[in-house]
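S.K.: Just dropping this structure here.
The values are calculated or read from the model by the stated rules, or taken from the named source; none is laboratory data. Predicted model only: the values in this text are computed from it and were never measured. Backbone-built Cβ (ideal geometry, glycine too); neighbour counts: all protein chains shown. Ligands, DNA and RNA are excluded from the accessible area calculation, which covers all protein heavy atoms including side chains. Shrake-Rupley method; radii C 1.70, N 1.55, O 1.52, S 1.80 Å.
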Amino acid sequence: MTDGVHEPLWEVFIRSRRGLSHNHVGSLHAADAQMALRNARDVFTRRMEGISIWVVPSAAITASSPDERDPFFDPAADKAYRHPTFYDIPKEVKQL
Amino acid sequence: MTAVAADAAAVYALRLADDCLVLSHRLAQWSSRAPTLEEDVALTNVALDLLGQARALYARTAELDGTGRSEDEYAFLRDERDFVNCLLVEQENGDFAVTVVRQLLFSAYQRETWRALGMSTDAQLAAIAARAVKEVNYHLDHATQWTLRLGDGTGESHRRMQSALEELWPYTAELFETDAVTDDVVARRIAADPHEVRAAWDASVAQTLRAATLERPATGWAPTGGRQGLHTECFGYMLAEMQHLHRAHPGARW
């Protein structure tokens, strides 16, 4: 471990006490999934940040590349009608 | 400072407290030196848990022995002969295998102790134990995970784990010693019965060692003395380092 050979990288997702969905909080190294879970517990949940942890091998994630940014995201910029700002929200609905 | 407590419960609480403080300090010595950043945080987390347990236990000791001493007085102003921790926790960190094995052996002991102490007739010790057992369950899990991976890992990791086990095993006998103090607190149902703790500890450790393909060493030489303040050579150096700041700057605070 000290000779520069790193253990595999894992992405860590934590669901906070407030409920809702798991959020990405960072990444860490671990030999396997069980150790990654424990490391995540130690590194990311020391201050009661979460009630559930997911760890995912970083290698398993397929990411969009910066080259694809224009075709992927640019067309959405001038389509304001896709935003839900034209609807009246009923009073009874507290959170949307 | 010599404070001879008349009450066996006070001595017993002090033993528990010193175990926690000394192992906490040993683990804190890994800070910034652990094999990986993740392990650095994990070991210092365990150290902080143990420090919290030590503080609560010193506070209870001060009530039981009637001296009203502060946690700092127990930690920083007693000399080597006044510490009554077991020899296992003061052993040097060694390589990572020694630290893992020390943690496995001690956390397994501490878990059984806290479990039994949860039903203590001393309500405060019972409350401390009930809270501490959750923390110790995690310490034991952490040590177990590493024991399995290193014991059943490469030839080199297995060799180091087995050698750490041989080195530390003799010190485990002391954990279950009985004397006038333990007889008294067991009789008053304040403390865990060392015989029962040993049986549970034996089963738990044996299972982990088997799964990790490690061989349980034969019981032979069994050093003792920690509970009477007779420590191994390395302890004095650790204490000098731990107490230096407080003794150089009396009353120093964060």
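S.K.: Segment B:94-143 to segment B:185-225: how many Å between their Cα centroids?
M.R.: Measuring centre to centre over Cα atoms gives 13 Å.
S.K.: If you take the square roots of the eigenvalues of the alpha-carbon gyration tensor of the protein assembly as shown and sort them as a ≥ b ≥ c, do you get rounded (a/c under 1.5), prolate (a/b over b/c) or oblate?
M.R.: Prolate, because a/c is 1.5 or more and a/b exceeds b/c.
S.K.: Still on this model: I need the per residue convex hull volume for segment B:17-123, using only the alpha carbons, in cubic angstrom as a whole number.
M.R.: Taking the convex hull of the Cα positions in segment B:17-123, it is 108 Å³ per residue.
S.K.: Does anyone have the angle between helix B:123-151 and the longest principal axis of chain B? Alpha-carbon axes, 0 to 90°, nearest 10?
M.R.: Relative to chain B, helix B:123-151 is tipped by roughly 20 degrees.
S.K.: Got a sec to turn the phi values of segment A:83-91 into Karplus ³J(HN,Hα) couplings, 6.51 cos²θ - 1.76 cosθ + 1.60 with θ = phi - 60°, whole Hz, x for Gly and Pro?
M.R.: 7, x, 8, 9, 9, 7, 8, x, 4
S.K.: Using a Förster distance of 41 Å, how high is the FRET efficiency between residue B:203 and residue B:28, based on the Cβ-Cβ distance and rounded to 0.05?
M.R.: Step by step, r from the Cβ atoms, then E = 0.85.
S.K.: Taking θ as phi - 60°, what are the ³J(HN,Hα) couplings along segment B:61-72 by the Karplus curve (6.51, -1.76, 1.60), each to the nearest whole Hz, with x for Gly and Pro?
M.R.: Once θ is set to phi - 60°, the couplings for segment B:61-72 become 4, 4, 6, 5, 8, x, 8, x, 5, 7, 4, 4 Hz.
S.K.: When the solvent-accessible surface of protein heavy atoms is calculated with a 1.4 angstrom probe, in what order do A:20, B:48 fall, highest first?
M.R.: A:20, B:48
S.K.: If you don't mind, there's one more thing I want to ask. Put +1 on the Cβ of every Lys and Arg and -1 on every Asp and Glu Cβ in chain A; which of A:28, A:81, A:51 then has its Cα farthest towards the positive end of the dipole?
M.R.: The residue sitting most towards the positive pole is A:51.
S.K.: Could you grab the relative contact order for chain A? Cα pairs under 8 Å, six or more apart, rounded to a whole percent.
M.R.: After rounding, I find 26 percent.
S.K.: Shifting gears a bit: In the neighborhood of residue B:14, defined by Cβ-to-Cβ distances under 11 Å, what is the net charge if each Lys or Arg adds +1 and each Asp or Glu adds -1?
M.R.: Residues near residue B:14 contribute 0 overall.
S.K.: Then there is this: Select from segment B:204-248 those GluC sites (Glu not before Pro) which occupy a DSSP coil region and have at most 16 other Cβ atoms within 10 Å, ordered by residue number.
M.R.: Those that pass, being in a loop and sparsely packed, are B:215.
S.K.: From the convex hull of the Cα coordinates of segment A:1-78, what is the mean projected area in square nanometres?
M.R.: Mean projected area of the Cα convex hull: 7.7 nm².
S.K.: Continuing with the same structure: Place a +1 charge on the Cβ of each Lys and Arg in chain A and a -1 charge on the Cβ of each Asp and Glu, then give the dipole magnitude about the Cα centre in debye, rounded to the nearest 20.
M.R.: Here the size comes out at about 740 debye.
S.K.: With only alpha-carbon atoms counted, please give the Rg and Dmax of segment B:102-254, in Å.
M.R.: 17.8, 50
S.K.: Note down the net charge around residue B:89, summing +1 for each Lys or Arg and -1 for each Asp or Glu among other residues with Cβ under 9 Å from its Cβ.
M.R.: Neighbourhood net charge equals -1.
S.K.: Please find, in a Gaussian network model of chain B (springs between Cα atoms separated by less than 10 Å), the residue of B:139, B:195, B:158 whose mean-square fluctuation is greatest.
M.R.: B:195
S.K.: Got a number for carbon plus sulfur as a percent of segment B:68-122's accessible area, 1.4 Å probe?
M.R.: Taking all protein chains in place, segment B:68-122 shows 47 percent carbon and sulfur surface.
S.K.: Under a Cβ-only charge scheme (Lys and Arg +1, Asp and Glu -1), can you give me the dipole magnitude of chain B about the Cα centre, in debye to the nearest 20?
M.R.: Details: 24 positive and 37 negative charges, 84 e Å.
Once rounded to the nearest 20, the dipole reads 400 debye.
S.K.: Between the helical axis of B:8-28 and the dominant principal axis of chain B, each derived from Cα atoms, what acute angle in degrees is found, rounded to the nearest 10?
M.R.: Rounded to the nearest ten degrees, it is 50.
S.K.: Once you put a point 7 Å from the Cα of residue B:174 and another 7 Å from the Cα of residue B:219, both along the Cβ direction, what distance in nm separates them?
M.R.: Each label point is offset 7 Å from its Cα along the Cβ direction, giving 1.7 nm.
S.K.: Rounded to whole Hz and in sequence order, give me ³J(HN,Hα) for segment B:210-216 from the Karplus expression 6.51 cos²θ - 1.76 cosθ + 1.60, θ = phi - 60°, writing x for Gly and Pro.
M.R.: 4, 5, 8, 6, 9, 9, 5
S.K.: What ranking of B:190, A:61 comes out by heavy-atom accessible area, probe 1.4 Å, highest first?
M.R.: A:61, B:190
S.K.: Shifting gears a bit: Which is farthest toward the positive dipole end of segment B:125-254 among B:164, B:180, B:254, measuring Cα position about the Cα centre, with Cβ charges +1 (Lys, Arg) and -1 (Asp, Glu)?
M.R.: B:254
S.K.: Shielding of B:41-48 by partners, i.e. mean partner chain Cβ atoms within 10 Å per residue?
M.R.: 3
S.K.: Please compute the net charge surrounding residue B:184, taking Lys and Arg as +1 and Asp and Glu as -1 over other residues with Cβ under 15 Å from its Cβ.
M.R.: Around residue B:184, the surrounding residues sum to -3.
S.K.: Now, a different point. Say we join alpha carbon atoms closer than 10 Å with springs in a Gaussian network model of chain B; which of B:224, B:67, B:178 then has the biggest fluctuation?
M.R.: Looking only at B:224, B:67, B:178, the biggest GNM fluctuation is shown by B:67.
S.K.: Could you report the accessible area of residue B:234 in Å², rounded to 10, computed with a 1.4 Å probe on the protein chains as they sit in the structure?
M.R.: 20
S.K.: Between B:169, B:146, B:221, which gets the highest mean-square fluctuation from a Gaussian network model of chain B, Cα cutoff 10 Å?
M.R.: Result: B:221 has the largest fluctuation of those listed.
S.K.: Quick one: putting +1 on the C-beta of Lys and Arg, -1 on the C-beta of Asp and Glu, what dipole do you get for segment B:38-122 around its Cα centre, in Debye to the nearest 20? Provide the component values of the computation, followed by the final result.
M.R.: On the way: 8 positive and 17 negative charges, 76 e Å.
With only Lys, Arg, Asp and Glu charged at Cβ, the dipole is about 360 debye.
S.K.: Also, quick follow-up: Determine the calculated [θ] at 222 nm for the protein assembly as shown from helices alone, applying -39500 (n - 2.57) to every DSSP H run no shorter than 4 residues and normalising by the residue count; nearest 500 deg cm²/dmol.
M.R.: -17000 deg cm²/dmol
S.K.: Now a separate question. Sequence-distant or interchain residues sharing an amide H contact under 5 Å with residue B:213, placed H: which?
M.R.: none
S.K.: Between residue B:232 and residue B:95, how many nm apart are label points set 7 Å from Cα along the C-beta direction?
M.R.: Rounded to a tenth, the inter-label distance reads 1.7 nm.
S.K.: What total accessible area, in Å², is buried where chains B and A meet, using a 1.4 Å probe and rounding to the nearest 100?
M.R.: Chains B and A together bury roughly 1400 Å² of accessible area.
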